[in-house]
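Let me begin by presenting the structure, written as structure tokens, before commenting on it.
Just so you know, all these numbers are worked out from the coordinates, no wet-lab data involved. Just so it is clear, the model here is predicted, and its values are computed rather than measured. Neighbour counts are summed over all protein chains in view; Cβ atoms, including those assigned to glycine, are modelled from backbone coordinates with ideal geometry.
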Amino acid sequence: MVIEGKKAERSSFVGGLTKKGFRVLSVPSGNVALGKLDKEKPDLIVIDADSMRTSGKRICQSLRSAAKTTPIILIIGNGVNEKNGFDADIVMQLPFTLQKLLNRIKVLLPLKPGNDSLKVGPLELDLPQRFVKINEKQISLTPRLTRLLQALMERPGQVYGRDELFKFVWETDYIGDTRTLDVHVSWLRNLLEEDPRHPDFIKTVRGVGYRLDFD
């Protein structure tokens, strides 16, 4: 749920969030948001207080009383004192980029099991949002690294041939220089493994390919 007014002198965040795959309910005020909470159960609330020319403190307090466990991100203007006792999980002061807002959202949103997520061993992969959770950490992935990890997680313990893995990740029947696959495996190991040179999860099967393994 995004609460934003019409007084903003900048672009709305709603369009960007929608393009990134979020289902966004946009409402124009705190009162409307409170009325929607009876039927809607948002995973997260974003209050764009700057767009309503307010500090957002009162809106935040009202929503916190009505939705005690729902994470809240409060966006305030450059001149507002961010240490003003806001009852939000995260306070963000303008200016900032959409990517910075996405990074904060990913920290607060829970991973939900379902068709759009995979869970194998200590790994939980969110496919639409392209991030993996491991040992309470959430790590953002590129589209290619997401496809690579998806392939390995769908067949844990089984060996993926290099050509087969390349075709899946790059979504092509053409087999070019598969050294680029090795580079991506190395990047993924750097993100997931405590010691990438001696990986615990992504194992190399010499002369064949790769396997996702859990000791």
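Things worth noting here:
- Straight-line reach from residue 133: taking Cα to Cα under 12 Å and skipping same-chain neighbours fewer than 8 places apart, the aspartates and glutamates in range are 124.
- Linear extension gain, residue 11 paired with residue 135, 0.36 nm per residue minus alpha-carbon span: 41.0 nm
- A dipole drawn for the chain from +1 and -1 charges on Cβ atoms has a positive end, and of 46, 201, 190 the residue lying farthest that way is 46.
- Remark: for residue pairs 20/100; 39/137; 39/119, the C-alpha separation exceeds 25 Å in 39/137; 39/119.
- Taking every C-alpha pair closer than 8 Å and separated by at least 6 residues, the mean separation divided by the residue count of the chain gives a relative contact order of 13 percent.
- Three-way shape call for the stretch 126-215 based on the alpha-carbon gyration tensor, with the a/c threshold at 1.5: oblate
- Ordered by the number of other Cβ atoms lying within 10 Å of each residue's own Cβ, fewest first, 202, 47, 76, 139 fall into the sequence 139, 202, 76, 47.
- Helical content alone sets the calculated 222 nm signal of the chain at -9500 deg cm²/dmol, taking -39,500 (n - 2.57) per DSSP H segment of four or more residues and averaging over every residue.
- Neighbour-count order for 184, 198, fewest beta carbons within 10 angstrom listed first: 198, 184
- Lys, Arg +1 and Asp, Glu -1 on Cβ, resulting dipole of the chain about Cα centre, debye, nearest 20: 660 debye
- Checking every one of the GluC sites (Glu not before Pro) in the stretch 112-156 against DSSP loop status and a limit of 14 other Cβ atoms within 10 Å picks out 136.
- Relative contact order for the stretch 117-212, counting Cα pairs under 8 Å that sit 6 or more residues apart, in percent: 24 percent
- Unit Cα scatterers, Debye sum, the stretch 2-108: log10 I(q)/I(0) for q = 0.10, 0.12, 0.21 Å⁻¹: -0.24, -0.35, -1.20
- With at most 15 other Cβ atoms within 10 Å, longest stretch of the chain clear of loop chymotrypsin sites (Phe, Trp or Tyr not before Pro) (DSSP): 1-95
- Residues considered: 173, 163, 126. Largest GNM mean-square fluctuation over the chain, using C-alpha springs under 10 Å, is found at 173.
- Crossing angle, helix 98-108 versus the chain [Cα axis fit, 0-90 degrees, rounded to tens]: 80 degrees
- For the options 33, 66, 49, a Gaussian network treatment of the chain with springs between C-alpha atoms closer than 10 Å singles out 66 as fluctuating the most.
- Among (1) 7, 29, 25, 18, 14, 5, 0; (2) 8, 33, 37, 18, 4, 0; (3) 9, 38, 38, 14, 1, the entry derived from the coordinates for P(r) over Cα pairs in 10 Å bins from 0, in percent: (1)
- Computed label-point distance, nm, for sites residue 24 and residue 194 using a 7 Å Cα→Cβ extension: 4.0 nm
- FRET efficiency for the pair residue 58 and residue 97, taken as 1/(1 + (r/R0)^6) with r the Cβ-Cβ distance and R0 = 25 Å, rounds to 0.35.
- Placing pseudo-labels 7 Å out from each Cα toward the beta carbon at residue 158 and residue 32 gives an inter-label distance of 5.0 nm.
- Share, in percent, of DSSP beta bridges within the chain that are antiparallel, nearest 5: 60 percent
- Using Cβ point charges alone (K and R +1, D and E -1), the dipole size of the stretch 2-108 about the Cα centre works out to roughly 140 debye.
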